[in-house]
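The values are calculated or read from the model by the stated rules, or taken from the named source; none is laboratory data. Everything numeric here is computed off the predicted structure, so don't read it as measured data. Every residue, glycine as well, gets a Cβ built from its backbone with ideal geometry; the counts of neighbours run over all protein chains shown. Quick note on the areas: whole protein, heavy atoms, side chains included, nothing else; ligands and nucleic acids left out. Shrake-Rupley method; radii C 1.70, N 1.55, O 1.52, S 1.80 Å.
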Amino acid sequence: MIKCGADRVMYRCIALDDQAYATGIIAAYIDKTADLSLIKATDDAFDALNLIMSGQVDLVFLDIQMPMINGIQFLKRCGNKCRVILTTAYPDYALQGFDLDVVDYLLKPFSYERFQKAVDKFRLLQIASMTSLVENEYLLLKGDAKNKYYQVKFSDIMYIKGLNNYISVYTKDQHIITYMNLKEIINLIPARLFCRVHRSYIVSFKYVKFIDGNCLFIDEEKIPISESYKAIFYTRLKDFR
């Protein structure tokens with residue numbers, strides 16, 4: 001990340017793909033995006049790795065099917081040195097990529113609008129990493145308009161519902177839909193206050209009104225507790241109280 005004045009940052013990017021037309025498209029998209037700066041468009045994975053390991057890269061747009069070293073191997077070598085958005089024509093690697101904590105998965109051919117959604121997710125993760133969320137007791141959520149963010153107190157969040165690639169965050173006064181998934185947001189909220197109870201739900205211990213069998217109730221919402229999350233939920237609920 002490069003600071004450009006008091007309130008502006010530039011994120012340093014690499015486009016890594018063995019096909020020149022693909023890196024050309026990404027380079028053009030980066031050029032259209034005010035806070036992204038392309039430092040390298042290349043088909044040389046080892047050159048890209050050297051730049052990453054030297055701390056010169058914030059975000060990599062990474063193809064998977066490449067000679068010498070594939071994208072998944074590349075991801076494992078990167079560790080946590082930078083963030084990665086996968087760009088590929090093959091949907092089969094999506095789950096493996098998310099297991100390695102990629103920001104997003106762009107399936108070729110993708111539009112500039114879809115590219116921007118992926119970059120929005122990256123920005124949100126960067127904001128979260130630069131802010132001590134537990135100390136400040138709030139979460140920043142991207143809204144439905146460009147450069148619109150909501151500051152939401154952890155203490156106001158009742159539950160979070162997954163909607164495929166989106167989530168809906170329910171507070172006492174409103175609900176906010178943002179482009180993120182449950183796996184991503186669970187890493188941004190304090191475990192002492194929240195627990196995942198189902199593949200589609202995260203709940204706040206504070207707002208659990210009562211439990212009936214395999215369901216709990218928050219406000220007017222009936223929320224299922226799945227078998228895979230039941231034991232950890234009851235253990236942590238007991239500790240919370």
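Table for the structure above
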item	result
Net charge over other residues, Cβ less than 15 angstrom from the Cβ of Phe110 (K, R count +1; D, E count -1)	0
Cα→Cβ-extended label distance, 7 Å offset, between Leu237 and Gln65, nm	4.8 nm
Percent accessible area from carbon and sulfur atoms, the chain, protein chains only, probe 1.4 Å	49 percent
Isotropic mean projected area of the C-alpha convex hull, the chain (nm²)	14.3 nm²
Rel. contact order, % - alpha carbon contacts under 8 angstrom, at least six apart, the chain	9 percent
The chain - mean residue ellipticity at 222 nm from DSSP helices (-39,500 (n - 2.57) per run, n ≥ 4, rounded to 500)	-9500 deg cm²/dmol
Whole-number accessible area per residue in Å² for the range 133-241, which is evaluated in the context of all protein chains at 1.4 Å	56 Å²
Subset of Lys40/Lys153; Lys117/Lys206; Lys40/Lys108; Lys108/Lys230; Lys121/Lys209 violating a 29 Å alpha-carbon distance limit	Lys40/Lys153; Lys117/Lys206; Lys108/Lys230; Lys121/Lys209
